[in-house]
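Below is one structure; the comments refer to it alone.
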Amino acid sequence: MKVLLLKEPKSGDQGSDLYVEELSSYGLQATLIPVLSFQFVSLEQLFDKLSHPEKYEGLIFTSPRAVEAVTICLQISANKEAWECSLKNKWNSKPVYVVGKATASLVEDLGLSSEGETSGNAEKLADHICSKNTSYSGPLLFPCGALKREVLPKRLKETDVPLETITVYQTAQHPDIRPSLTHYFTQEGLPASIVFFSPSGVKFCLSIIQELSADKLHQIKFAAIGPTTADAMVAEGLQVSCTAQNPSPQGLAEGIRRVVQH
């Protein structure tokens with residue numbers, strides 16, 4: 001059975017993508033189509049803030065892209081030297097909160113330890129942060145995307161957890177999305193399942209999928225990587241057949257196996 005994953009390959013290679021590997025272990029043939037493109041912004045300001053860990057009580061990352069922004073900052077040799085010499089250790093003495101294993105893995109690549117990866121979404125991560133009942137002398141630093149939802153900032157504000165946000169990337173529709181989807185439906189036909197990985201993905205390509213599948217749309221089992229994405233799908237009138245128990249290859253594969261093999 002064929003599964004269409006609306007995300008980019010993790011390493012630029014379909015074969016080594018963990019979602020593709022996990023789904024294939026269940027006998028499901030997965031194909032990746034990137035639906036989003038990203039532009040990084042304000043990276044100098046980001047590193048300026050990272051250069052002053054004494055001003056902050058910790059870091060929050062709710063997407064892999066936000067961690068990638070830090071990684072790009074460290075490609076400048078002077079920045080990397082400062083990071084390795086002192087900044088990394090100073091940030092490691094503070095909590096680094098993350099959503100999801102992919103984000104946690106990238107944070108680990110920076111040399112930082114993290115917590116909260118099993119939260120599943122920003123709302124649950126906010127609950128985790130608030131449950132610690134920490135008294136704050138400074139804000140938590142939150143590098144994020146331009147399309148971030150207000151759930152986490154609102155929840156933290158309600159419990160008097162200070163937060164400083166900085167927008168480090170902007171999300172746009174991938175330029176090749178229509179030809180890529182058209183080619184897939186022409187060559188592979190109707191997939192058994194289509195997985196959305198973000199509300200932005202729903203926004204940018206649902207209408208194209210509806211057009212290409214025409215009167216067979218109801219035959220497709222639609223899946224979401226998490227509850228936020230599922231909410232966006234429902235808002236567009238889609239029936240969500242499964243939401244991953246946790247935002248991981250294993251969580252998604254188990255959910256899809258259940259719905260497509262019934």
Exercise. Within the set of pairs 6 or more residues apart or between chains, which connect a residue that is in contact (Cβ under 8 Å) with a residue 24 or more places away in the chain and farther than 7 Å from ALA223 by Cα inside the range 187-199 to a residue that is of a type in the set (Lys, Arg) and part of a loop (DSSP other than H, G, I, E, B) with Cβ atoms less than 6 Å apart?
Worked result: PHE197/LYS7
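Filtering the range 206-248 down to residues that are touching a Pro at 6+ places or on another chain (Cβ under 7 Å) and free of Cβ contacts under 8 Å to residues at least 60 places away in the same chain, which residue is most open to solvent (accessible area, probe 1.4 Å)? So that I can check it myself, show each step before the final result.
Here is the first cut: in the range 206-248, the ones touching a Pro at 6+ places or on another chain (Cβ under 7 Å) are 220, 225-226, 228-229, 232, 243.
Now drop any that are not free of Cβ contacts under 8 Å to residues at least 60 places away in the same chain, which leaves 220, 225, 229, 232, 243.
Details: ILE220: 10, ILE225: 19, THR229: 7, ALA232: 24, THR243: 50 Å².
Checking each candidate, the answer is THR243.
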Problem set entry | Every residue from the range 166-189 that is out of contact with any helix residue (DSSP H, G or I) (no Cβ under 8 Å at 6 or more places or on another chain) and outside any strand (DSSP E or B) | PRO175, ASP176, PRO179, SER180, HIS183, TYR184, THR186, GLN187, GLU188, GLY189
Exercise. What number of residues within the range 154-194 satisfy the criterion of being of a type outside the set (Asp, Glu) and touching a Gly at 6+ places or on another chain (Cβ under 9 Å)?
Worked result: 6
Exercise. If you check ILE60 against the conditions, is it open to solvent by less than 20 Å² (accessible area, probe 1.4 Å), at negative phi and touching a residue at least 12 places away in the same chain (Cβ under 8 Å)?
Worked result: yes
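Give the range 179-203 a look and list any residue that's of a type outside the set (A, V, I, L, M, F, W, C) and surrounded by 15 or more Cβ atoms within 10 Å (Cβ to Cβ), or say none. Before you say what the answer is, go through the steps one by one.
Within the range 179-203, the first condition is being of a type outside the set (A, V, I, L, M, F, W, C), and the residues that meet it are 179-180, 182-184, 186-189, 191, 193, 198-201, 203.
Listed by number, the residues that qualify are SER180, TYR184, PRO191, SER193, SER198, PRO199, SER200, GLY201, LYS203.
Of the residues LYS94, LYS101, LYS80, LYS88, which single one is at pLDDT below 95, surrounded by fewer than 22 Cβ atoms within 10 Å (Cβ to Cβ) and not β-branched (Val, Ile, Thr)? If you could, list the steps in order and put the result at the bottom.
Values: LYS94 fails: at pLDDT below 95; LYS80 fails: at pLDDT below 95; LYS88 fails: at pLDDT below 95.
Going through LYS94, LYS101, LYS80, LYS88 in turn, just one is at pLDDT below 95, surrounded by fewer than 22 Cβ atoms within 10 Å (Cβ to Cβ) and not β-branched (Val, Ile, Thr): LYS101.
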Problem set entry | Complete set of residues in the range 196-213 that are farther than 15 Å from VAL234 by Cβ and not in a helix (DSSP H, G or I) | PHE197
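The values are calculated or read from the model by the stated rules, or taken from the named source; none is laboratory data. Since the model is a prediction, treat every value here as computed from it, not as a measurement. When we count neighbours, we look across all protein chains shown, and the Cβ atoms used for this are built from the backbone with ideal geometry, even at glycine. For accessibility, only protein heavy atoms count, side chains too; no ligands or nucleic acids. Shrake-Rupley method; radii C 1.70, N 1.55, O 1.52, S 1.80 Å.
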